[in-house]
Amino acid sequence: MDAVYRAVGGEPSKDLKGYYTFPCKSPPIISFDWGGADWAISFENISRGETESGPGLCYGALVGLDLGLGNDVWVLGETFMKDVYTVFSFDETAVGFAKLA
């Protein structure tokens, strides 16, 4: 997460462990490429709102914490899934995404 936020002018939060801040006026454009498609996270979902410690700074919704799941593990959860249709197939052990209309 550090590299992602620093690439867009963000920095670690001084208030919350694992969180990052970025200038609200220039939110990061973050997307993931799976299955040959680009899956962007909207501003509404990448921002957790403005911080109290600095005017014009927003908390990023993607957080960098070690959850004990191993190296290079990302849990995107609602931040990502609010912008896509998500289908879980337990029979095929697969997850599929589709763009919202």
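No value in this document is a laboratory result; all are computed from the given coordinates. None of these values were measured; they are calculated from a predicted model. Neighbour counts run over all protein chains shown; Cβ positions are idealised from the backbone, glycine included.
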Report summary line: Heads up, the stretch 55-101 by the C-alpha gyration tensor (a ≥ b ≥ c square roots of eigenvalues; a/c under 1.5 rounded, else a/b over b/c prolate, else oblate) looks oblate
Query raised in the report: What does the convex hull of the Cα atoms come to per residue for the stretch 4-55, in Å³?
Result: 88
Requested in this report: Starting from the stretch 55-91, pick out the chymotrypsin sites (Phe, Trp or Tyr not before Pro) whose DSSP state is loop and whose Cβ has at most 13 other Cβ atoms within 10 Å.
Outcome: 74, 90
Query raised in the report: Expressed as a whole percent, how much of the Cα-Cα distance distribution for the chain exceeds 16 Å?
Result: 61
Report summary line: The aspartates and glutamates whose Cα lies under 19 Å from the Cα of residue 25, excluding any fewer than 8 residues away in the same chain, are 11, 44, 50, 52
Requested in this report: Counting other beta carbons within 10 Å of each Cβ, put 93, 21 in order, fewest first.
Outcome: 93, 21
Query raised in the report: Using θ = phi - 60° and the Karplus curve 6.51 cos²θ - 1.76 cosθ + 1.60, what whole-Hz ³J(HN,Hα) does each residue of the stretch 40-50 get, with Gly and Pro shown as x?
Result: 8, 9, 5, 4, 4, 9, 7, 9, 9, x, 6
Query raised in the report: Which is farthest toward the positive dipole end of the chain among 40, 65, 26, measuring Cα position about the Cα centre, with Cβ charges +1 (Lys, Arg) and -1 (Asp, Glu)?
Result: 26
Report summary line: Sorted by chain and number, the residues with a modelled amide H under 5 Å from that of residue 58, at a separation of 5 or more or across chains, are 22, 24, 51
Query raised in the report: When the helices in the chain are scored as -39500 (n - 2.57) per DSSP H run of 4 or longer and the sum is shared across all residues, what 222 nm value do you end up with, to the nearest 500 deg cm²/dmol?
Result: -3000 deg cm²/dmol
Query raised in the report: So what J values fall out for the stretch 74-84 if you push phi through Karplus, 6.51 cos²θ - 1.76 cosθ + 1.60 with θ = phi - 60°, rounded to Hz, Gly and Pro as x?
Result: 10, 10, 8, x, 4, 4, 7, 6, 5, 9, 9
Query raised in the report: At a Förster radius of 25 Å, what calculated FRET efficiency corresponds to the Cβ-Cβ distance of residue 94 and residue 40, to the nearest 0.05?
Result: 0.70
**Report entry** Spin-label model distance (nm) - residue 101 vs residue 26, 7 Å beyond Cα toward Cβ
**Finding:** 3.8
Report summary line: Whole-Hz Karplus couplings 3J(HN,Hα) for the stretch 10-16, θ = phi - 60° and coefficients 6.51, -1.76, 1.60, Gly and Pro as x, run x, 7, x, 5, 7, 9, 10
Report task. Would you order 13, 42, 53 from fewest to most other beta-carbon atoms within 10 Å of each residue's own beta-carbon? Result -> 53, 42, 13
